[in-house]
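K.L.:
Take this structure first; my questions come after.
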Amino acid sequence: MTILAGHREQQPTICAICARQAESLAYSPSGDLRKAIWICAPCTPLARKTYAMTDKTLNEYESRAIFAAAKSVAPSLIEAVLTELWDRNIDSLSAITPEIITAISETPSLAIKDAIGSALATYGATMREEIGNDNPPF
Ligand SMILES: [Zn+2]
C-alpha cells in the first residue's frame, strides 16, 4: 500500500470514503499523486479496497450510507423544522411561503445544524463500517 503523507492541495480535499476533510493523506498504488484518492486518517486501512472498487460498487456503498444517514436523523430534522415553523407562528402547511423556507434555510437553527452534522457523521461511519466489513453493497 502506498500512502502519500504530507501532501497539500491548495483547496481542501475530502476523504474518498467518509467525506470528511482528507487532511494531507492520499493513496495511490503507483505513487502517482495525480491518480491518488484523498483519505482521512481513520479511513487509511480502507484506502486500498476503496481505490480498487468500481464506480458502481462505490455508488452502492454511498447510497446505503446516505439511506442510513437520512433514516438516523429524519425524526430530529423533521422536529427541528417543525419547531422553526412553530416559532415563526406557522401552524398550517398552507401558511408556509417561499420566503419562510428561505429564511429558515439561510439561518438554520442549532437543532437543524446538529441534525445535518449527525447525518454526515452517520454517513462516514456507515461507509467505514460497510466497507470495512466487506458487506455486499447490493
Ligand atoms: Zn475518511
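Computed from the coordinates by the stated procedures, all read-outs in this text should not be read as laboratory data. Just so we're clear, the structure is a prediction, and the values are computed from it rather than from any experiment. All Cβ positions, even for glycine, are placed from backbone atoms using ideal geometry, and neighbour counts span all protein chains on display.
K.L.:
Around PRO108, what is the net charge, scoring Lys/Arg as +1 and Asp/Glu as -1 over all other residues with Cβ under 15 Å from its Cβ?
P.N.:
Residues close to PRO108 contribute a combined charge of -3.
K.L.:
Under a Cβ-Cβ cut-off of 14 Å, what is the net charge of the residues other than THR44 that fall near it, where Lys and Arg count +1 and Asp and Glu count -1?
P.N.:
Summing Lys/Arg as +1 and Asp/Glu as -1 gives +3.
K.L.:
Next up: Against the longest principal axis of the chain, how steep is helix 55-87, in degrees 0 to 90 to the nearest 10, with axes from Cα atoms?
P.N.:
20
K.L.:
Using all C-alpha to C-alpha distances in the range 80-138, build P(r) with 10 Å bins and read off the rounded percent in each one.
P.N.:
Bins of 10 Å from zero give 20, 34, 19, 18, 9 percent of pairs.
K.L.:
Add -39500 (n - 2.57) for each DSSP H run of 4 or more in the chain, then divide by its residues: what number comes out at 222 nm, to the nearest 500 deg cm²/dmol?
P.N.:
My calculation for the chain gives -17500 deg cm²/dmol from helical runs alone.
K.L.:
Could I ask something else about it? Per-residue counts of other Cβ atoms within 10 Å, averaged by peptide: what ranking do you get for 103-114, 66-77, highest first?
P.N.:
The packing order, highest mean first, is 66-77, 103-114.
K.L.:
Next question, about the same structure. Can you give me the Rg/Rh ratio for the chain, using Cα atoms for both radii and the Kirkwood formula for Rh?
P.N.:
With Rg and the Kirkwood Rh in hand, the quotient comes to 1.12.
K.L.:
Once the other residues with Cβ under 14 Å from the Cβ of PRO29 are scored (Lys, Arg +1; Asp, Glu -1), what is the net sum?
P.N.:
Summing Lys/Arg as +1 and Asp/Glu as -1 gives +3.
K.L.:
In terms of Cα to Cα distance under 20 Å, which lysines are near enough to LYS71, apart from those fewer than 8 places away along the same chain?
P.N.:
In chain and number order, the partners are LYS113.
K.L.:
Can you list the HN-Hα couplings for the range 19-36, worked out from phi with the Karplus curve (6.51, -1.76, 1.60; θ = phi - 60°), rounded to whole Hz and with x for Gly and Pro?
P.N.:
Coupling constants for the range 19-36: 6, 7, 5, 7, 6, 10, 10, 9, 10, 8, x, 8, x, 7, 4, 5, 10, 7 Hz.
K.L.:
Show the residues, 5+ positions off or on another chain, whose built amide H is closer than 5 Å to the amide H of ILE14.
P.N.:
ALA22
K.L.:
If you don't mind, another one. Can you check what the Kirkwood hydrodynamic radius comes to for the range 58-105, Cα pairs only, in Å to one decimal?
P.N.:
Its Kirkwood hydrodynamic radius stands at 12.5 Å.
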